[in-house]
1. For the stretch 39-65, give me each residue that is under 29 Å from residue 333 (Cβ atoms) and touching a helix residue (DSSP H, G or I) at 6+ places or on another chain (Cβ under 8 Å).
2. Can you name the residue in the stretch 223-239 that is out of contact with any helix residue (DSSP H, G or I) (no Cβ under 6 Å at 6 or more places or on another chain) and buried (at least 17 other Cβ atoms within 10 Å of the Cβ) and, of all such residues, is modelled with the highest pLDDT?
3. Do the conditions hold for residue 279, that is, is it more than 22 Å from residue 110 (Cβ to Cβ), modelled with pLDDT of 95 or more and within 15 Å of the chain's Cα centre (by Cα)?
4. Between 152, 117, which is within 30 Å of residue 59 (Cβ to Cβ) and surrounded by fewer than 20 Cβ atoms within 10 Å (Cβ to Cβ)?
5. Going residue by residue through the stretch 247-268, is there one that turns out to be surrounded by fewer than 20 Cβ atoms within 10 Å (Cβ to Cβ), touching a residue at least 60 places away in the same chain (Cβ under 8 Å) and not in a loop (DSSP other than H, G, I, E, B)?
6. In the stretch 90-111, which residues are buried (at least 16 other Cβ atoms within 10 Å of the Cβ) and not in a strand (DSSP E or B)?
7. Within the stretch 37-56, is there a residue that is crowded, with 19+ Cβ neighbours inside 10 Å, part of a loop (DSSP other than H, G, I, E, B) and either free of Cβ contacts under 8 Å to residues at least 40 places away in the same chain or not assigned by TED's automatic domain parsing to the domain that holds residue 306 (or both)?
8. Go through (1) in contact with a strand residue (DSSP E or B) (Cβ under 8 Å, 6 or more places away or on another chain); (2) closer than 26 Å to residue 326 by Cβ; (3) in a helix (DSSP H, G or I) for residue 215 and report which single condition fails.
């Protein structure tokens, strides 16, 4: 399970002209970042025709279809794909080196000179290998999603799209007293709507994810877009959002770690990406594996180049650059006060107050900051922090 948008340019070198055959739903040509209160919304809305033609920028897709397509490519290249099988633990040699995996199949243990652990956010394999430090629940969020069926023509009309075009909405201020955010994506004949919630915040609030999704769907901005949609799927998934500081030890004797198992998910507000980081880290792990097997050295020392390559690649370079973003975005002010401040400020700017003279922008900002419980000094410090983080 994932949100629904794939930024697949990482496939350019792996599968040339992948867009000609990949099972995508829609090409994302419109992207909006939205902040909202229970009765207001403010959007930075961008669309471009450039994203609607090769090599494209992003696409919505169903994981069941996209993953099967990628697996078929691996199979065509000589891999043996074993489905409906769970890796439940590691096999080890006498010296402790990882030498394969144990599975839930009878007599299903698999010997291997090297294991690449891509077993998801909980990565029992990486934990068993001792690569994870003590876990912090504050580094995780819960993503919950509904998929609602709507006719393709209705989706096109409501979102102002041409056939085959898609939209990606990322939303802040829609999760009540739980730190987090929301999203809305268009597929061919469904829309995906959901929330991403801080685990400690969710536990403290006693709220249910489905309740928060329902509130989002009932918002006056979102309700007209999803009205009449028939629920066809509900799913939830833990997300590693701690960023660079959460990334574990990425290699050990006989083991590499990639994707969500390595906490390689970029949650930086305007950038919410995961599939591309999983594919890139998996690709680099494959290259390192080939070299290590060829040299006969699959020890931690022989695999150490893996992290170095990720650091030079966008995978860890982006995480390092944006290492402070998750904590900034999940702060109480950004989550609960700034959406109100921003919406009220724009409402004040756009409201015609005749016969009362118009307020200046600085005076209006001071007034709305006070109403939202934000000190001007704190606003300035957060602005500087945001510039340093995203600049």
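1. If we filter the stretch 39-65 for residues that are under 29 Å from residue 333 (Cβ atoms), which is where we start, we get 39-46.
Within the stretch 39-65, 40, 41, 42 qualify.
2. Narrowing the stretch 223-239 to residues out of contact with any helix residue (DSSP H, G or I) (no Cβ under 6 Å at 6 or more places or on another chain): 223-224, 227-239.
Those still in the list that are buried (at least 17 other Cβ atoms within 10 Å of the Cβ) too: 229, 237, 239.
Working: 229: 98, 237: 93, 239: 94.
Applying the filter and picking the extreme gives 229.
3. Values: more than 22 Å from residue 110 (Cβ to Cβ): yes; modelled with pLDDT of 95 or more: yes; within 15 Å of the chain's Cα centre (by Cα): yes.
So residue 279 passes the test.
4. None of the others qualify; the one that does is 152.
5. Within the stretch 247-268, not a single residue is surrounded by fewer than 20 Cβ atoms within 10 Å (Cβ to Cβ), touching a residue at least 60 places away in the same chain (Cβ under 8 Å) and not in a loop (DSSP other than H, G, I, E, B).
6. 97 - this is the single residue of the stretch 90-111 that is buried (at least 16 other Cβ atoms within 10 Å of the Cβ) and not in a strand (DSSP E or B).
7. yes
8. With (1) in contact with a strand residue (DSSP E or B) (Cβ under 8 Å, 6 or more places away or on another chain); (2) closer than 26 Å to residue 326 by Cβ; (3) in a helix (DSSP H, G or I) applied to residue 215, the lone miss is (1).
The values are calculated or read from the model by the stated rules, or taken from the named source; none is laboratory data. Because the structure is predicted, anything quoted here is derived from the model rather than measured. No Cβ is skipped: glycine too gets one built from the backbone with ideal geometry, and neighbour counts run over all protein chains shown.
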